[in-house]
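The block underneath contains the structure these notes are about, expressed in structure tokens.
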Amino acid sequence: MTASTVLHQYSRMARIDPQVNVRMPADLKGRLEDAAEASGRSLTGEIVHRLESTFPKTLDWLRQNRAEEVQTLRVSVEQQVQRVTTLKASGQLQQHDLLELGRRRLLLQTLESDAYMLELMDEVQPEELMQVAESVGATTISLEAHRNARMSGK
């Protein structure tokens, strides 16, 4: 978990937020604690994350959330670049390190594109938005067909 992620989570769960005491079965609390540890969140952060995920997302929420994801992933890409540079200098660079960097960069580009599209939605004419949506839909169908072909070939 990156320092910026920890700082962000702490700032979201500031002491000014209302506190709620909840009783729950011990086994549920245990599963939440395990999930929190696996996700790098506090128990409170995990509970809030799960509760927030049950509510419909507004366009403003999506914009904010995507912007936060982009920032977190930028930090992750920078860290992986530093790792690859260090490993390369020491002669210990392996293929999986480069692959991980490539994956993170690709995901960052995708999230940045999504964030940009979310920002443009209010500025684009409805006809243009429909054309973009159809284009994205065709790309998604093409990617799904490619994935299905790969899966059936395995």
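The values are calculated or read from the model by the stated rules, or taken from the named source; none is laboratory data. All values reported here derive from a predicted model rather than from experimental measurement. Here the Cβ positions follow ideal geometry from the backbone for every residue, glycine too, while neighbour counts run over all protein chains shown. We work out accessible area using only protein heavy atoms, side chains counted, and drop any ligands, DNA or RNA first. Shrake-Rupley method; radii C 1.70, N 1.55, O 1.52, S 1.80 Å.
Numbers below:
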quantity	calculated
Any pair with Cβ under 6 angstrom, 6 or more apart, that starts in segment 54-70 at a residue that is touching a residue at least 24 places away in the same chain (Cβ under 8 Å) and of a type outside the set (Gly, Ala, Ser) and ends at one that is loosely packed, with under 12 Cβ neighbours inside 10 Å and outside any helix (DSSP H, G or I)	none
Cβ pairs under 7 Å, 6+ apart, first in segment 24-45 and at pLDDT 90 or above and surrounded by 13 or more Cβ atoms within 10 Å (Cβ to Cβ), second assigned to a helix (DSSP H, G or I) and among the β-branched types (Val, Ile, Thr)	LEU32/ILE47
Check on GLU52, modelled with pLDDT of 85 or more, surrounded by 12 or more Cβ atoms within 10 Å (Cβ to Cβ) and within 24 Å of ALA38 (Cα to Cα)	no
Qualifying residue in segment 39-58 (condition: hydrophobic (A, V, I, L, M, F, W, C) and not in a helix (DSSP H, G or I))	yes
Residue tally, condition open to solvent by 100 Å² or more (accessible area, probe 1.4 Å) and within 17 Å of the chain's Cα centre (by Cα), over segment 115-130	1
